[in-house]
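Undergrad: The structure follows.
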Protein chains: 2
Amino acid sequence: MHFTSEKRFDDGVLERAFTLDEIPGFLWTPESVTATTPLILMGHPGGLSRMYPRLAARARHTVSAGFAAATIELPGCEGRPCSADSLRARGEMQRALAAGEPVTPEVIDRLILPLAEQAVPEWQALLDAGLELPGIGGPAGYAGGFISIGLRMALLEPRIAAATLFAGSFVPRSMLEEARQVEIPLLVLLQWDDEGNDRQLALDLFDAFGSKEKALHANLGGHTGVPESEGDDVTRFFTRHLK
Amino acid sequence: MHFTSEKRFDDGVLERAFTLDEIPGFLWTPESVTATTPLILMGHPGGLSRMYPRLAARARHTVSAGFAAATIELPGCEGRPCSADSLRARGEMQRALAAGEPVTPEVIDRLILPLAEQAVPEWQALLDAGLELPGIGGPAGYAGGFISIGLRMALLEPRIAAATLFAGSFVPRSMLEEARQVEIPLLVLLQWDDEGNDRQLALDLFDAFGSKEKALHANLGGHTGVPESEGDDVTRFFTRHLK
């Protein structure tokens, strides 16, 4: 983890930009760490510059509740390379969305499955690097968007002890089967009128998760309309499970 | 409101049993009231003796968050009279449940519609009497079970400014239309594996509510398995909307 710049907010949060194997990312921590602070990985749909304002706000809220937070760019976004087939699938998805047509399961598979394959080891490397930092340790969490990566991290990465998943992106149908094997506590956030989300699939996915402790918080509104009170619900969820 | 007994808990909550037009009920308040305290009506499926432990626990939690709480018995329960047709419908429902058969919409209508007709004016009288007590005032809330009564109170009673509804009882299909006219903030609690609840109808009902601010919190587990953390979510919801 190679730090490239730092910024201090007036609420005592320290933000550091870094690269990790040439992947750009951000780390948010308290200015001084006294006790061991659990790390929350902040998931997102890709495009760190575009997502920065929302991610930084969520991260500062997370740090003020006693956690560290970190994120990295996804494959294929903002100059990061990705396969020609992924680029084609993304083009087909964008054409379908622009035309108001449904995105077919076949396009979703071709877009999401290779991306999740590539991204999960990168997020595991982020966890490796984050947990080596002084003051950061203990069980970790995954919070936020790109539910397919969150699901894989919840399933494959034993250091992820709890996750809040934002049901706001396309999910390959085959992941319903993987969801049945997930066992960690989950909080799933669903925007009831999300333009880019299949509500029934999100409900089926929630139903499929094998976790004994799982909750779904659905709120009225579109993709970016998650109410502020949910930010508190998320940090309380992690406080219950990581502290 | 004629008080018949009182009990003091060690957490400073005062519980008073009362009758109101011969209907038994309970009022829970702080031992001494300094500021104006909003009143939460505590809904339940009927049978105050049977429900008492859960209702009293919820009420004490509610009072500790700065509210007063009150409830009354439902028509047809524990010696309260109800119509012969309601008794017949209840018998048919119990037979169906015991046989593991679905309860038909026709039986639900015959059971719930007259009961809600009779109960709503009684809960409005509870609101009249509660709001006349010293220290209690301001906007009021409805919390808990018997979603049909809660829905009608949310729709018809302008003093109810916010409601948390427990999607755990049978709902006449005609109430989906009434739900569209409800406009107050709502938090709907759904137990994902509730034995006595139609999950799809609960989701349809949540979808139907006309409120601009509504949230659904679904948790894994059966009818009585609502996790403790939801009690905090409910009081935070009322704090946002009634204070």
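Readers should treat all values here as calculations from the given coordinates under stated rules, not as data from a laboratory. Fair warning: this is a prediction, and the values are worked out from it, not measured in the lab. We place every Cβ from the backbone using ideal geometry, glycine too, and count neighbours over all the protein chains shown.
Undergrad: Let me check against my output: what whole-number percent is the relative contact order of chain B, with C-alpha pairs under 8 Å and at least 6 apart?
TA: On the way: 447 pairs, mean separation 38.4, N = 243.
Relative contact order here is 16 percent.
Undergrad: Using a 10 Å cut-off around each Cβ of peptide B:219-226, what is the average number of partner chain Cβ atoms that fall inside?
TA: Other-chain Cβ atoms within 10 Å of each residue's Cβ, averaged: 3.
Undergrad: Go through A:Ala89, A:Ala163, B:Pro53 and say which Cα lies farthest out towards the positive end of the charge dipole of the protein assembly as shown; charges sit on Cβ, +1 for Lys and Arg, -1 for Asp and Glu.
TA: Positive-end residue among those listed: B:Pro53.
Undergrad: While we're looking at this one, here's another question. Run through the other copies and list how far each one's label point is from that of A:Ser174, in nm with one decimal, shortest first; the point sits 7 Å from Cα along Cα-Cβ.
TA: Its label point is 5.1 nm from the equivalent points in the other copies.
Undergrad: Given charges of +1 on the Cβ of Lys and Arg and -1 on the Cβ of Asp and Glu, with all other atoms neutral, how large is the dipole of region B:1-131 about its Cα centre, in debye to the nearest 20?
TA: Values: 12 positive and 17 negative charges, 71 e Å.
That gives a dipole near 340 debye.
Undergrad: Helix A:84-98 versus the longest principal axis of chain A: what is the Cα-based angle in degrees, 0 to 90, to the nearest 10?
TA: 70
Undergrad: Would you calculate the separation in nanometres between label points at A:Arg199 and A:Ser32, each defined as 7 Å from the Cα along the Cα-to-beta-carbon direction?
TA: 5.1
Undergrad: If you don't mind, another one. Sort shortest first the distances from A:Gln94 to its counterpart in every other copy, using label points 7 Å along the Cα-to-beta-carbon line, and give them in nm.
TA: 6.5
Undergrad: A further question on this structure: As a check on your grasp of the helix formula, calculate [θ] at 222 nm for chain B: sum -39500 (n - 2.57) over DSSP H runs of n ≥ 4, divide by the residue count, round to the nearest 500. Could you put the intermediate results ahead of the total?
TA: Working: 7 runs with 99 residues, N = 243.
The per-residue figure over chain B is -13000 deg cm²/dmol.
Undergrad: Still on this model: Could you line up A:Val103, B:Val182 from fewest to most neighbouring Cβ atoms inside 10 Å? Don't jump to the answer; show the numbers that get you there.
TA: Values: A:Val103 18, B:Val182 23.
Lowest to highest Cβ neighbour count: A:Val103, B:Val182.
Undergrad: Enter the angle in degrees (range 0 to 90, nearest 10) between the Cα long axis of helix A:228-242 and the first principal axis of the Cα atoms of chain A, meaning the one along which they spread out most.
TA: The helix A:228-242 is inclined about 70 degrees to chain A.
Undergrad: Also: Note down the nm distance, to one decimal, between modelled labels 7 Å out along Cα→Cβ at A:Thr19 and at B:Ala125.
TA: So the label points at A:Thr19 and B:Ala125 sit 7.7 nm apart.
Undergrad: May I pose another question? How big is the dipole moment of the protein assembly as shown about its Cα centre under a simple scheme where the beta carbon of each Lys and Arg is +1, that of each Asp and Glu is -1, and everything else is neutral? Debye, nearest 20, please. Before the final figure, lay out each step's value.
TA: On the way: 44 positive and 66 negative charges, 107 e Å.
Using only the charged Cβ atoms, the result is roughly 520 debye.
Undergrad: Just how large is the dipole of region B:37-91 about the Cα centre, in debye to the nearest 20, putting +1 at every Lys and Arg Cβ and -1 at every Asp and Glu Cβ?
TA: Details: 7 positive and 3 negative charges, 34 e Å.
Its charge dipole is roughly 160 debye.
Undergrad: Could you name the residue in chain B with the C-beta closest to the rotation axis that superposes chain B on chain A, along with the separation in whole Å?
TA: Axis-proximal residue of B, distance in whole Å: B:His217, 3.
Undergrad: Let me ask something else about it. Taking Cα atoms, how many degrees apart are the long axis of helix A:105-131 and the longest axis of chain A, rounded to 10 and kept between 0 and 90?
TA: So the helix axis and the longest Cα principal axis differ by about 10 degrees.
Undergrad: Going by a ≥ b ≥ c, the root eigenvalues of the Cα gyration tensor, does chain A fall in the rounded group (a/c under 1.5), the prolate group (a/b larger than b/c) or the oblate group?
TA: Numbers: a/c = 1.61, a/b = 1.32, b/c = 1.22.
Here chain A falls in the prolate category.
Undergrad: Thinking of region A:14-121 as a set of Cα atoms, what percent of all their pairs are more than 24 Å apart? Numbers along the way, then the final one.
TA: Details: 2127 of 5778 pairs.
When all Cα pairs of region A:14-121 are counted, 37 percent exceed 24 Å.
Undergrad: Just how many % of Cα pairs in the protein assembly as shown lie over 36 Å apart, if you round to the nearest whole percent? Before the final figure, lay out the partial values.
TA: Values: 45231 of 117855 pairs.
The answer is 38 percent, as a whole percent.
Undergrad: Using a 10 Å cut-off on Cβ to Cβ distances, tally the other chain neighbours for every residue of A:230-243 and report the average as a whole number. Please list the in-between numbers first.
TA: On the way: counts 1, 0, 2, 6, 0, 0, 4, 1, 0, 0, 3, 0, 0, 0.
Across A:230-243, the average partner-chain Cβ count within 10 Å equals 1.
Undergrad: May I pose another question? Can you find, among B:Ala99, B:Ser229, B:Ser148, the residue sitting farthest towards the positive end of the charge dipole of chain B, where Lys and Arg contribute +1 and Asp and Glu -1 at Cβ?
TA: Result: B:Ser229, furthest along the dipole toward the positive end.
Undergrad: Turning to a different aspect of this structure: Which value, to two decimals, describes the C-alpha radius of gyration of region B:8-64 once divided by 2.2 N^0.38 Å? Before the final figure, lay out each step's value.
TA: Working: Rg = 11.7 Å, N = 57, 2.2 N^0.38 = 10.2 Å.
Dividing the Cα radius of gyration by 2.2 N^0.38 Å gives 1.14.
Undergrad: Moving to a separate point now. For A:Ser229, place a label point 7 Å from Cα along the Cα-to-Cβ direction in every copy; what are the distances to the other copies, in nm, shortest first?
TA: 1.6
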